[in-house]
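Below is one structure, written out as structure tokens; the observations come after it.
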Amino acid sequence: MTMNEPAGKLFLQSITLRQLQILETVVRLGGFTRAAEALHLTQPTVSMQIRKLTDTIGLPLLEQVGGRVHPTDAGREVYRAAVDVLGRMAALRDYADAARGVVQGDLRLGVISSAIYFMPALLGAFAERHARVVPQLVVTNRATVLRRLRENLDDLLIMGQAPREMPVEAYPFIGNRIVVVAPPGHALAAERAIPLVRLAEEKFLVREPGSGTRQAAERLFADAGVTIRPWMELGSAEAIKQGVMAGLGVSVLSRRNIVQELAAGSVVELDVQGFPIERQWYAVHPRGKELSLAARSFLDFILTESDRILAGPAASTGAVGHMPAETGAADDGCASVVASADPAGRPG
């Protein structure tokens, strides 16, 4: 049976792209609250749009089971249609942008907190080249970055260790040298080839469980049959760095996090057997994800330009180019930064 023409027009006029976007997000994230956060809407707005879409379809679309929202049979059909329509609209937008030679739109990045020491320099340089791109940066711990990756909340995620437990595409773009740091004047500062078993006697400042830097260090110690006994656990590389400078203990950090402090003599790098640990920083996205033109352009940019940019003065100062930004608290202890597009609207 086919829909008659007047009814068909009314049906199409009643369903909006925003409603389809909201339904897709609610189903993907499993709840109204997370969907509202992801879309920067209030929860009542999300509920109202879902109600309007349900009324238009004339069938229940969602149900709550075990504290999570699931689609009904009809909801799954609408969800599949929403994914198809939204995907085609994104492809059309990218085609039009590429045809005009313009890179623009939102660029959503989820970043491990340790990467904040160099990501501003890369974002600033990219924003100078593509002024119509609006970066949205969420800085948080590894556990939250992995959750955001599973829920497909970002275009790209920046981390020091790509996950093995989920299907992803991971692109190494810059080196990540892990070193042992201590306060100036530490008893081991003048030693060479310090054995791991000797280092393990020191008071160790460590990141939270699951931190990529902590995992790399623990793996090295475990392979040598040595156990680290954490003396103090801190939630960010910056807190670790401040603790080391204050003389609370020694720690393991990415060398990119302590460039200024090493130059100033605020911390020292210890010569320890097995260190430095040579790793990579990765840009990651779910396997099969279609990247927007802005995301593809940024990925190409960091793959080809990171070494040059991070060797320059902007990297050591943490400069963010011309990007005006608003910062605020986000969920799960995240810090979020949304940069404004160039008010002059210069083409990218």
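Give the residues of region 184-210 that are touching a Ser or Thr at 6+ places or on another chain (Cβ under 8 Å) and not aromatic (Phe, Trp, Tyr), sorted by residue number. Of everything in region 184-210, those that are touching a Ser or Thr at 6+ places or on another chain (Cβ under 8 Å) and not aromatic (Phe, Trp, Tyr) turn out to be Pro184, Ala200, Leu205, Val206, Arg207. On the stretch given as region 196-222, residues that are charged (D, E, K, R), part of a loop (DSSP other than H, G, I, E, B) and modelled with pLDDT of 90 or more total 3.
Cβ-Cβ distances below 6 Å connect the following pairs, each with a first residue in region 223-239 that is modelled with pLDDT under 90, a second residue that is in a loop (DSSP other than H, G, I, E, B), and a separation of six or more residues or different chains: Ile228/Ala200; Gly235/Glu208. The set of residues in region 197-232 that are closer than 20 Å to Met159 by Cβ and not small (Gly, Ala, Ser) comprises Val206, Arg207, Glu208, Pro209, Thr213, Arg214, Gln215, Glu218, Arg219, Leu220. Selection of region 292-309 for residues being modelled with pLDDT of 90 or more and surrounded by 16 or more Cβ atoms within 10 Å (Cβ to Cβ) yields Ala294, Ala295, Arg296, Ser297, Phe298, Leu299, Phe301, Ile302, Ser306, Ile309. Taking the stated definitions as given, is Leu122 buried (at least 21 other Cβ atoms within 10 Å of the Cβ) and not acidic (Asp, Glu)? Taking the combined requirement at face value, the residue satisfies it.
For region 27-40, the condition holds for at least one residue, the condition being that it is within 26 Å of the chain's Cα centre (by Cα), outside the structural domain of Arg147 (by TED's automatic domain parsing), part of a loop (DSSP other than H, G, I, E, B) and free of Cβ contacts under 8 Å to residues at least 40 places away in the same chain.
Determine whether Val252 is farther than 23 Å from Ile194 by Cβ, in the same structural domain as Arg198 (by TED's automatic domain parsing), in a strand (DSSP E or B) and hydrophobic (A, V, I, L, M, F, W, C). When the stated conditions are applied, Val252 does not pass them. Taken over region 285-301, residues that are farther than 18 Å from Leu92 by Cβ, outside any helix (DSSP H, G or I) and in contact with a helix residue (DSSP H, G or I) (Cβ under 7 Å, 6 or more places away or on another chain) amount to 1.
Within region 98-155, the residues that satisfy the criterion of being touching a helix residue (DSSP H, G or I) at 6+ places or on another chain (Cβ under 9 Å) and of a type in the set (Gly, Ala, Ser) are Ala98, Gly105, Gly110, Ser113, Ser114, Ala115, Ala121, Gly124, Ala125, Ala143. The set of residues in region 229-239 being under 10 Å from Phe204 (Cβ atoms) and either part of a helix (DSSP H, G or I) or of a type outside the set (Phe, Trp, Tyr) (or both) consists of Arg229, Pro230, Met232, Glu233. Go through region 80-109 and give me each residue that's at pLDDT 85 or above, farther than 20 Å from Val26 by Cα and surrounded by fewer than 13 Cβ atoms within 10 Å (Cβ to Cβ). Once the filter is applied, which keeps residues that are at pLDDT 85 or above, farther than 20 Å from Val26 by Cα and surrounded by fewer than 13 Cβ atoms within 10 Å (Cβ to Cβ), region 80-109 yields nothing.
The values are calculated or read from the model by the stated rules, or taken from the named source; none is laboratory data. All figures in this text were calculated on a predicted structure; none of them were measured in a lab. When we count neighbours, we look across all protein chains shown, and the Cβ atoms used for this are built from the backbone with ideal geometry, even at glycine.
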